[in-house]
Amino acid sequence: IMGDADRIGEWFAPGEVDVIHLNFSDPWPKKRYAKRRLSAPSFLEQYKAVLSSQGKIIMKTDNAPLFEFSVPQFLSHGFSLEEMSVDFRREEHPEDAITEYEEKFIEQGKPIYRAVFAKEKA
Ligand SMILES: C[S@@+](CC[C@H](N)C(=O)[O-])C[C@H]1O[C@@H](n2cnc3c(N)ncnc32)[C@H](O)[C@@H]1O
């Protein structure tokens, strides 16, 4: 789907989605644009609505400030932390596809931050 993720609640029925991947989302570093980060509360509420009861969100980023912003956002909006790494590619992970941007960041020697969040039972 080509579109803004703030409409995800219109694209999927409640509980229809098993996994959402947030891969190297734009960090929107300026505080006045924090609402546009894909881990901002308005997005998290929509993710919760479309995710199934076993639903998960897998987030990867090269951006430490975005990661530091995002983890507490998830934890205070109904998600629990299942896995976390601040250097995910230190070890081989053939089960996890390397995205286009990720490949560039790995070549630059940047650590990849990754977390898996599970939707908490209502
Ligand atoms: C740095 S690129 C990463 C692209 C790809 N996921 C990867 O890992 O190679 C960030 C992407 O996030 C998309 N993006 C950022 N905010 C978005 C939003 N609100 N809705 C949909 N896509 C968004 C941008 O269009 C861009 O393609």
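In segment 3-12, is there at least one residue being acidic (Asp, Glu), within 14 Å of the ligand (Cβ to nearest atom) and in a helix (DSSP H, G or I)?
Narrowing segment 3-12 to residues acidic (Asp, Glu): 4, 6, 10.
In the following step, the residues that additionally are within 14 Å of the ligand (Cβ to nearest atom) were identified as 4, 6, 10.
Add one more test, that the residue is in a helix (DSSP H, G or I), and what stays is 6, 10.
Yes: one or more hits.
Is it true that SER52 is surrounded by 12 or more Cβ atoms within 10 Å (Cβ to Cβ) and closer than 28 Å to ASP87 by Cβ?
No: the conditions fail for SER52.
Looking at ALA64, is it free of Cβ contacts under 8 Å to residues at least 60 places away in the same chain, surrounded by fewer than 17 Cβ atoms within 10 Å (Cβ to Cβ) and under 22 Å from PRO29 (Cα atoms)? Outline the logic, then answer.
Working: free of Cβ contacts under 8 Å to residues at least 60 places away in the same chain: yes; surrounded by fewer than 17 Cβ atoms within 10 Å (Cβ to Cβ): yes; under 22 Å from PRO29 (Cα atoms): yes.
The answer is yes for ALA64.
Is segment 100-110 home to any residue that is over 21 Å from ASP18 (Cα atoms), touching a residue at least 24 places away in the same chain (Cβ under 8 Å) and polar (S, T, N, Q)?
No, because not a single residue in segment 100-110 is over 21 Å from ASP18 (Cα atoms), touching a residue at least 24 places away in the same chain (Cβ under 8 Å) and polar (S, T, N, Q).
Could you list, in sequence order, all residues of segment 69-95 that are farther than 28 Å from ARG32 by Cβ and without any contact (Cβ under 8 Å) to a residue 24 or more places away in the chain?
If the condition is that a residue be farther than 28 Å from ARG32 by Cβ and without any contact (Cβ under 8 Å) to a residue 24 or more places away in the chain, then ARG89, ARG90, GLU91, GLU92, HIS93, PRO94, GLU95 are the ones that fit.
Is there any pair linking a residue in segment 17-39 that is in a loop (DSSP other than H, G, I, E, B) to one that is of a type outside the set (Asp, Glu) and surrounded by fewer than 13 Cβ atoms within 10 Å (Cβ to Cβ), with Cβ under 7 Å and at least six apart or on different chains, and which?
PRO27/PRO65; PRO29/PRO65
Quick one: MET59 ticks every box in (1) in a strand (DSSP E or B); (2) more than 16 Å from the ligand (Cβ to nearest atom) except a single one, so which number is it?
Tallying (1) in a strand (DSSP E or B); (2) more than 16 Å from the ligand (Cβ to nearest atom), MET59 fails exactly one: (2).
Do we have ALA49 as aliphatic (A, V, I, L, M), outside any loop (DSSP other than H, G, I, E, B), within 15 Å of the ligand (Cβ to nearest atom) and out of contact with any strand residue (DSSP E or B) (no Cβ under 9 Å at 6 or more places or on another chain) here?
Working: aliphatic (A, V, I, L, M): yes; outside any loop (DSSP other than H, G, I, E, B): yes; within 15 Å of the ligand (Cβ to nearest atom): no; out of contact with any strand residue (DSSP E or B) (no Cβ under 9 Å at 6 or more places or on another chain): yes.
Taking the combined requirement at face value, the residue does not satisfy it.
Within segment 7-22, track down each residue that is out of contact with any helix residue (DSSP H, G or I) (no Cβ under 7 Å at 6 or more places or on another chain) and closer than 25 Å to PRO72 by Cβ.
ASP18, VAL19, HIS21, LEU22
Being surrounded by fewer than 17 Cβ atoms within 10 Å (Cβ to Cβ), in a loop (DSSP other than H, G, I, E, B) and within 13 Å of the ligand (Cβ to nearest atom) is the filter here, so list the residues in segment 88-121 that pass it.
Within segment 88-121, ASP96, ALA97, ILE98, THR99, LYS110 qualify.
Bear in mind that the values in this text are calculations on the coordinates, not laboratory data. Values in this document were obtained by computation on a predicted structure and should not be read as measured data. So basically every Cβ, Gly included, is an ideal-geometry build from the backbone, and we count neighbours across all protein chains shown.
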